[in-house]
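Engineer: Below you will find the structure I want to go over with you.
What follows draws every value from the coordinates through simple rules; no lab data is involved. Note that this is a predicted model, so its numbers are computed, not measured. Quick reminder, even Gly has a Cβ in these numbers, built from the backbone with ideal geometry, and neighbours come from all protein chains shown.
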Amino acid sequence: MSNYNNDLEKYFYNNNKRQINKWKHYFEIYDRHFSKYRGKEIVILEIGVFQGGSLQMWRDYFGPKAKIYGLDIEPKCKDFEEENIKIFIGSQSDKNFLQKVKNEIPPIDILLDDGGHTMNQMRVSFDELYDHIKPDGVYLCEDTHTCYHWRYGGGYKRSNSFIEYTKNIVDDIHAWHSEQKSFKINKFTETVHSIHFYDSIILIEKRKMQQPESLFTGTPSIMFESTSKFTFGKKVRKAINLIFQYLKLPSVGID
């Protein structure tokens, strides 16, 4: 292959070092979200070391200023430590172990979960490590197609699926606009700038968020009639729709 879309693809297809296993379409996603970190003093944690090749790829891509950490349950992965690469041995579903890791590494710029891919492993890792991501960092969980495989604890619309869990963050981003008291602003409302769903990847970009502002500039050209006057019919329709809203049922009489 002679034409590469980015430097990660180039490294991968010319790799003669440790083995790497990645889906082909991942490289475009990595480069889209990670290129801004190249050449900077950043901290990277990859869960799932495998053969150690991806850690070498990240070091090549981000440069010598990057501090790269790997996490794997296989003790032999400790042998893959090199300059600027440190490996922790333990389970990503062990909360005490993850706490130990957090105590030993600086806040993280980029976290990649390429570990065991079970629903429990994805959820525990996210719950324990999300807050250790820097306010402008990235959390990426890959191979999320396992959310549809029973042997990983997944299944379409299954309640414990990591994809179903992260879909809720889409709602959390919009909590500023909620008219329902039960739906409140939480840490995701205040720290998630965007969430991206790709084939087999969920990527969350963090940022300190504030309540959105709607602004106007320029001179209006059309004067619209006021719709604030409520007739009896509108009042009834409003009452019905507020009840339906509470019950999470579809609206009626709203075009």
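Engineer: Considering only the range 7-206, what is the antiparallel percent among its DSSP beta bridges, to the nearest 5?
Structural biologist: So the antiparallel bridges amount to about 40 percent of the total.
Engineer: Ok, one more. What nm distance separates the two modelled labels at H174 and Y198, each placed 7 Å from Cα along Cα→Cβ?
Structural biologist: 2.5 nm
Engineer: In a Debye calculation with equal point scatterers on the alpha-carbon sites of the range 78-142 and no solvent, what is log10 I(q)/I(0) at q = 0.15, 0.16, 0.17, 0.22 Å⁻¹?
Structural biologist: Results for the range 78-142 at q = 0.15, 0.16, 0.17, 0.22 Å⁻¹ read -0.47, -0.54, -0.61, -1.03.
Engineer: Post the alpha-carbon centroid distance, the range 108-168 to the range 181-196, in whole angstrom.
Structural biologist: 17 Å
Engineer: What does the convex hull of the Cα atoms come to per residue for the chain, in Å³?
Structural biologist: 199 Å³
Engineer: Rounded if a/c is under 1.5, else prolate if a/b is larger than b/c, else oblate: which is the range 12-150, with a ≥ b ≥ c the root eigenvalues of its Cα gyration tensor? Can you show the working numbers first?
Structural biologist: Values: a/c = 1.25, a/b = 1.15, b/c = 1.09.
Note, shape of the range 12-150 comes out rounded.
Engineer: Distance in nm between label sites at I240 and E81, each 7 Å beyond Cα in the beta-carbon direction?
Structural biologist: About 6.9 nm, to one decimal.
Engineer: Another one. Just round it to a whole percent: the fraction of Cα-Cα distances in the range 112-174 exceeding 17 Å.
Structural biologist: Details: 775 of 1953 pairs.
The proportion of pairs with Cα distances above 17 Å equals 40 percent.
Engineer: Distance cut-off 28 Å, Cα to Cα: go down the list K86/K134; K22/K167; K40/K95; K10/K95; K17/K95; K78/K157 and report the pairs above it.
Structural biologist: K40/K95; K10/K95; K17/K95; K78/K157
Engineer: Dipole size in debye (nearest 20) for the chain around its Cα centre, Lys and Arg Cβ +1, Asp and Glu Cβ -1?
Structural biologist: Values: 36 positive and 34 negative charges, 176 e Å.
Once rounded to the nearest 20, the dipole reads 840 debye.
Engineer: Let me check against my output: what whole-number percent is the relative contact order of the range 134-212, with C-alpha pairs under 8 Å and at least 6 apart?
Structural biologist: Values: 120 pairs, mean separation 29.3, N = 79.
RCO, the range 134-212: 37 percent.
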